[in-house]
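Notes follow once the structure below has been shown.
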Amino acid sequence: MPRLVYVLNGPNLNLLGTREPQVYGAQTLADVQRLCEAACARHGLGLVFQQSNHEGALIDWIHEAGREHAAGRLAGVVLNAGAYTHTSIALPDAIKGTGVPLLELHISNVFAREAFRHHSWISPAARAVVCGLGVAGYALAIDALAQW
Ligand code: DQA
């Protein structure tokens, strides 16, 4: 049974490809999933790839990843929480509550954007942060957590 990587995507990431392509690029979420599948295959890892526009769904998947972690089957979680990064207390509570090793990811360089994107409630609960590498960051994130 391969160790698992959870790649969780938050609100509006279903619109990748057409959403502000000058910021997020032209690749779709299906393209990102394919990148993640290829990266996981290279490392012999299994992939759970999810997207939701609802905070509670993301929390439920973190809890699910937490159960895999407790069973010794989790390599780690890659979380692009979208705008919930800047608003949610419940997401870092879920990360801390489950103890999952988690990498926070942003496609864009949030520090080169509006001031309200400079603060992340998730970063203090994350093991690492990748930001500004475009969708290629997802594959690099998986390369990193394959070593965890
Ligand atoms: C994002 C950055 C967030 O500020 C924004 O709300 C998103 C996407 C990124 O991937 O660059 O929805 O997380």
For the Gln22, Ala57 Cβ pair and Förster radius 30 Å, calculated FRET efficiency rounded to 0.05 is 0.60
Heavy-atom accessible area of the chain with neighbours in place, 1.4 angstrom probe: carbon+sulfur share in percent works out to 54 percent
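With the cut-off at 1.5 for a/c, could you classify region 29-76 from its C-alpha gyration tensor as rounded, prolate or oblate?
Oblate shape, in that a/c is at least 1.5 and b/c is the bigger or equal ratio.
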Region 4-147 accessible area per residue, 1.4 Å probe, protein heavy atoms, integer Å², reads 44 Å²
Lys and Arg at +1, Asp and Glu at -1: neighbours of Ala146 with Cβ under 15 Å from its Cβ sum to +2
In the neighbourhood of Thr87 defined by beta carbon distances under 15 Å, the net charge of the other residues (Lys, Arg +1; Asp, Glu -1) is -3
Taking only the alpha carbons of region 4-147, the radius of gyration and the largest Cα-Cα distance, Dmax, both in angstrom, are 13.9, 42
Simple SL model, points at 7 angstrom along Cα→Cβ for Glu37 and Leu140; separation in nm is 2.4 nm
With label points set 7 Å from each Cα along the Cα-to-Cβ direction at Thr87 and Arg113, the distance between them in nm comes to 1.4 nm
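The values are calculated or read from the model by the stated rules, or taken from the named source; none is laboratory data. Predicted model only: the values in this text are computed from it and were never measured. With ideal geometry, Cβ positions are generated from the backbone for all residues, glycine too; neighbour counts draw on all protein chains shown. All accessible areas refer to the heavy atoms of the entire protein, side chains included, with ligands and DNA or RNA removed. Shrake-Rupley method; radii C 1.70, N 1.55, O 1.52, S 1.80 Å.
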